[in-house]
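Below is one structure; the comments refer to it alone.
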Amino acid sequence: MKQIELSIKNAFGATTRQDVDALKPAAQQGLRKLTDGSGLGSDFLGWVKLPSETPASLLDDINATAADLRANCDTVVVIGIGGSYLGAKAVIEALSDSFQAYRRDAATRILFAGQNIGEDYLYELSDYLKDKKFGIIVISKSGTTTEPAIAFRLLKDQLEHQLGREEASKRIVAVTDASRGALRSLATQEGYKTYVIPDNVGGRFSVLTPVGLLPIAVAGFDIHALVEGAAAFEEATLTGANDMSVLYAQTRNALYRAGKKTEILVNYNPKLHFFGEWWKQLYGESEGKDHKGIFPAAVDNSTDLHSMGQWIQEGERTIFETVLSVVEQKHELRIGHDEANLDGLNFLAGKRVDEVNKMAELGTILAHVDGGVPNIHVTIPALTETYLGQLIYFFEAACGVSGYILNINPFNQPGVEAYKKNMFALLEKPGYEAETEAIKKRI
Ligand code: PA5
């Protein structure tokens, strides 16, 4: 079977093959820490063997719930933020038709909420849902995150108003902690169908739990294939049969040590925009600690070649890029011949649009390498559930290994609490009286 592949042949210049090789022992030790739990943050390693240990019965149960939601709802709103939304959004966007928010043969539209606190966003969503048969999947591991809690309060009220409390409770599914948190209490009280986010899986590593799988199944995609793709990659990674994750971690750390402080994840396929968003959270929240860590950025090419391209080609030489390259497209579209040829494009007549895109990709990589931007290349045979499962596991494992090479705890996120403390103090949340008093003196 084909699989995703990694090439680092264009990564050298600022760093060398020897520098990358020198990090192999640290990377292999990092991989061992992921399996024997001897590294920092070992309470959060539940994702490491998650794909192979996910029972088919759980996937069947998720598929049954998804079928029920699809049968009863024309729209399902997925409420969550950070790790409780980005993985599902990334996979759904990668697999969906660009001009339908859902597959042609699936009748249910997936929308997202709780990933911002935009008043107009929520007003307009509520307005859109007025005449819709909608359902809600509310996802929060802690069960206390403000953004999704606000969205859920508003949409739950609306659903209950439209359907009555009892009917509404049949169209709400909660994904949360097994026993803790406000969402768990509410779900128990209202009798919602629930799924558990395992204690030992952090938000940004949770796409292959019900957090990602339920929305992906509702969108009509094959979660068995997604998990099987990840499980095969898990086995190959953990047995050492495939060293892609380890090599990627070595290479990006060698580049970081050579002064390349920013990594840009580049796609040449608009369906991968949210994969870049998922990746940014995975690496940013995992590695940005102790005043260390590569800054993860992302661009969508060729679109961003017309905005960020100048900076990447000739700006400060502190960047490297990792390109996601999709080999096969789902559809074939050829450029036509035009007698008048006023646009001068007849040299492309008969070529597929993807051939032009691939030459834009290759030309850009060569130009960037010439301009001092090292390049790591990830080849994805096609955008399917199987290859996305491989890609997710590849990046997750590499992230854990990379964090251990950096000597930080890749699985906590203490820094995300700082804004919450200030926000609650400013909003005068009970329990934050001292912080409120202190912050008022600063503004
Ligand atoms: O990766 C993380 O832990 C965070 O990004 C969380 O996923 C995010 O803050 C949402 O948290 P919760 O699922 O508890 O609402």
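The values are calculated or read from the model by the stated rules, or taken from the named source; none is laboratory data. Please read these numbers as outputs of a predicted model, since none were measured by experiment. Neighbour counts are summed over all protein chains in view; Cβ atoms, including those assigned to glycine, are modelled from backbone coordinates with ideal geometry. Each accessible area value is taken on the protein alone, full model and side chains, heavy atoms only, with ligands, DNA and RNA left out. Shrake-Rupley method; radii C 1.70, N 1.55, O 1.52, S 1.80 Å.
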ask   = Between Arg352 and Gln189, what is the spin-label point distance in nm, taking each point 7 Å from the Cα along the Cα→C-beta axis?
value = 5.6
query = Relative contact order for the chain using alpha-carbon pairs under 8 Å, separation at least 6, rounded to a whole percent?
reply = 24
key: Angle between the chain longest axis and helix 146-163 axis [Cα atoms, degrees, rounded to 10]   = 60
inquiry  = Could you sort the peptides 419-430, 286-297 by per-residue average Cβ neighbour count (10 Å cutoff), highest mean leading?
reply    = 286-297, 419-430
query = What is the list of residues in the stretch 293-330 whose amide nitrogen lies under 18 Å from a point 7 angstrom out from the Cα of Lys9, following Cα to Cβ?
reply = 321-327
query = Which distance in nm do the two modelled labels at Leu366 and His306 give, with both placed 7 Å along the Cα-to-Cβ direction?
reply = 2.3
query = Relative to the first principal axis of the alpha-carbon coordinates of the chain, what is the inclination of helix 86-95, with its axis defined by its Cα atoms, in degrees from 0 to 90 and to the nearest 10?
reply = 60
query = To the nearest 10 degrees, how steep is helix 56-72 against the longest Cα principal axis of the chain, on a 0 to 90 scale?
reply = 70
task = Taking all protein chains together and a probe of 1.4 Å, list Met244, Met359 from the most accessible to the least accessible.
result = Met359, Met244
ask   = How much area per residue is accessible in the chain when the probe is 1.4 Å and only protein heavy atoms are counted (Å²)?
value = 46
inquiry  = Looking at the stretch 50-225 only, what percent of DSSP beta bridges run antiparallel? Nearest 5 please.
reply    = 0
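Using a 1.4 angstrom probe on heavy atoms only, work out the carbon and sulfur share of the accessible area of the stretch 135-236 in %.
51
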ask   = If you find the alpha carbon centre of the stretch 231-309 and of the stretch 323-357, how far apart are they in angstrom?
value = 29
task = Could you tell me which chymotrypsin sites (Phe, Trp or Tyr not before Pro) in the stretch 87-179 are loop residues by DSSP with no more than 11 other beta carbons within 10 angstrom of their beta carbon?
result = Phe99
query = Taking 0.36 nm per residue of separation and subtracting the Cα-Cα distance, what length does fully extending Val196 through Tyr121 add?
reply = 24.2 nm
key: Of all DSSP beta bridges in the chain, antiparallel share, percent nearest 5   = 10
remark   = The relative contact order of the stretch 157-218, taking Cα pairs under 8 Å that sit 6 or more residues apart, comes to a percentage of 26
remark   = For the chain, the convex hull over Cα atoms projects on average to an area in nm² of 24.8
query = For the peptides 322-329, 173-180, what is the packing order when you average, over each peptide's residues, the other Cβ atoms within 10 Å and list the highest mean first?
reply = 173-180, 322-329
